[in-house]
1. Quick one: Val270 ticks every box in (1) touching a strand residue (DSSP E or B) at 6+ places or on another chain (Cβ under 7 Å); (2) surrounded by 21 or more Cβ atoms within 10 Å (Cβ to Cβ) bar one, so which box is it?
2. Determine whether Glu282 is in contact (Cβ under 8 Å) with a residue 12 or more places away in the chain, in a helix (DSSP H, G or I) and within 19 Å of the chain's Cα centre (by Cα).
3. Looking at the structure I just gave you, is Leu28 at pLDDT 80 or above and surrounded by 14 or more Cβ atoms within 10 Å (Cβ to Cβ)?
4. Going by the structure shown, is Ala152 part of a helix (DSSP H, G or I) and surrounded by 19 or more Cβ atoms within 10 Å (Cβ to Cβ)?
5. Looking at Leu236, Leu250, which is the one that is within 14 Å of Arg286 (Cβ to Cβ), surrounded by fewer than 17 Cβ atoms within 10 Å (Cβ to Cβ) and either in the same structural domain as Gly199 (by TED's automatic domain parsing) or more than 19 Å from the chain's Cα centre (by Cα) (or both)?
6. So Thr227 clears everything in (1) out of contact with any Phe, Trp or Tyr (no Cβ under 8 Å at 6 or more places or on another chain); (2) surrounded by 14 or more Cβ atoms within 10 Å (Cβ to Cβ); (3) among the hydroxyl-bearing types (Ser, Thr, Tyr) except one condition, right? Which one?
7. Would you be able to say whether some residue in region 82-101 is in a loop (DSSP other than H, G, I, E, B), buried (at least 21 other Cβ atoms within 10 Å of the Cβ), in contact with a Ser or Thr (Cβ under 7 Å, 6 or more places away or on another chain) and modelled with pLDDT under 95?
8. Among Glu118, Glu73, which is surrounded by fewer than 18 Cβ atoms within 10 Å (Cβ to Cβ), closer than 20 Å to Val287 by Cβ and either touching a Phe, Trp or Tyr at 6+ places or on another chain (Cβ under 8 Å) or not aromatic (Phe, Trp, Tyr) (or both)?
Amino acid sequence: MRGGWIRSLWAGVRRRLRAPVLHGLVRLLVAIMSRLGWRTAQRFGRWLGSLYWTIIPRDRRRVLRHLEVAFPELAADERERLGRACLRHNATSFAELLHLRGHPAEEALRHIETVGHEHLHAARAGDRPVLILTGHCGNWELMSAGLNAHGAAVTAIARQIKEQELHEMMKEMRAHFGTDTIVRGAPRSARKLLKALRGGGSLCLLIDQDTRVDGVWVPFFDQPAYTPVGAAEIALRHDAVVLPCFIQRLDSGHHRVEIHEPLELPDDPVEATATMTRAIEEQIRRVPEQWVWMHRRWRRQPEVDSLSA
């Protein structure tokens, strides 16, 4: 009885301390990483990703399991190579953002090239809203810096992070690159969304994760995946130009933002969501190590949902 009371008290203390400790740690890392060179920050990120692979077996197993679902034809050692590269890439992206947070926004553009910007300019020259479709590919938080340099005026829709301090820090990071954030489900978020669509900017949505929003089942790597339907509904309702945009890490250590031609969407939201998802899957297949394979993309399945309904 007494032991249970102590454990409950300690759990509560840990919950209250988690946010300020993480917030302080990130602030400290920003102070340190901003003083390092770009290459040094990347080397630190790769080391951190290798450490992550070694000491967090739960995520390592999850990455390998998801790679087996997506690429059953690959040998086990090749999936392990991709998995290790995935964690190194994502940790490097984190280190890059910490480094850039301590520098003027223009510093990011020294490490980004943008191709296909003619598609963005053509879309913005018309009278239709512009919707940027992307996924958690490459260093996705950095992508808006390249887009905004070409006049995209990006507004991103993001979920609320539990730790408010970290949530505000991510909003500050996007704002640092010239990107506004609309928090999904927050008061007046619908009004802000309409303003972003009609104000001559670009609304950016990521639909490659299973989140607690209205969704539909569409194929993703030949498996049914619960996918947010809101992007398709917005695009169809407002007759938006949908531009698939992705950022990719290059061997040189820099990044390339690629803006693709507009998607032709079917009128049905489910089919439109499937079309959008195929565009994201094509990018992931190009550079599979630059996606977030630790995410539980197939955590729900239609049969399970129907049984629990």
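1. If we test Val270 against (1) touching a strand residue (DSSP E or B) at 6+ places or on another chain (Cβ under 7 Å); (2) surrounded by 21 or more Cβ atoms within 10 Å (Cβ to Cβ), just (2) comes out false.
2. Values: in contact (Cβ under 8 Å) with a residue 12 or more places away in the chain: no; in a helix (DSSP H, G or I): yes; within 19 Å of the chain's Cα centre (by Cα): yes.
No; evaluated as a whole, the condition is false for this residue.
3. In short, no.
4. For Ala152, the condition - part of a helix (DSSP H, G or I) and surrounded by 19 or more Cβ atoms within 10 Å (Cβ to Cβ) - is not met.
5. Working: Leu236 fails: within 14 Å of Arg286 (Cβ to Cβ).
Going through Leu236, Leu250 in turn, the sole match is Leu250.
6. (1)
7. Looking only at region 82-101, we keep the residues that are in a loop (DSSP other than H, G, I, E, B), and these are none.
Looking for residues that are in a loop (DSSP other than H, G, I, E, B), buried (at least 21 other Cβ atoms within 10 Å of the Cβ), in contact with a Ser or Thr (Cβ under 7 Å, 6 or more places away or on another chain) and modelled with pLDDT under 95, one finds none in region 82-101, hence no.
8. Numbers: Glu118 fails: closer than 20 Å to Val287 by Cβ.
After applying the criteria, what remains is Glu73.
The values are calculated or read from the model by the stated rules, or taken from the named source; none is laboratory data. All values derive from a computational prediction rather than experimental measurement. As a convention, Cβ positions derive from the backbone with ideal geometry for all residues, glycine included, and neighbour counts pool all protein chains shown.
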